[in-house]
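Enquirer: My questions all concern the structure below.
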């Protein structure tokens, strides 16, 4: 779930493939040109980031060799 404009909305959350099993996982969802991020152990705290910003961050991390991404 996520809050948009003060209303609770059902979201299709995806767990990161790099997260361990259990309650300590990074989860992502898409919403109107943004990527929503949350920790599974605090599902009501959601951060919205622009799609291009998240894509740029992942591309930079991959180029720097900081993280092995599956794409």
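We did not get these values from a lab; they are worked out from the coordinates using the rules stated. Note that the coordinates shown come from a computational prediction; the quantities given were computed from them, not determined experimentally. All Cβ positions, glycine included, derive from the backbone under ideal geometry; neighbour counts span all protein chains shown.
Enquirer: How far apart, in nanometres, would the label points at residue 59 and residue 47 be if each is projected 7 angstrom from Cα along the Cα-to-Cβ direction?
Expert: My value for the distance between the label points is 2.0 nm.
Enquirer: Order the peptides 45-53, 24-32 from the highest to the lowest mean number of other Cβ atoms within 10 Å of their residues.
Expert: 24-32, 45-53
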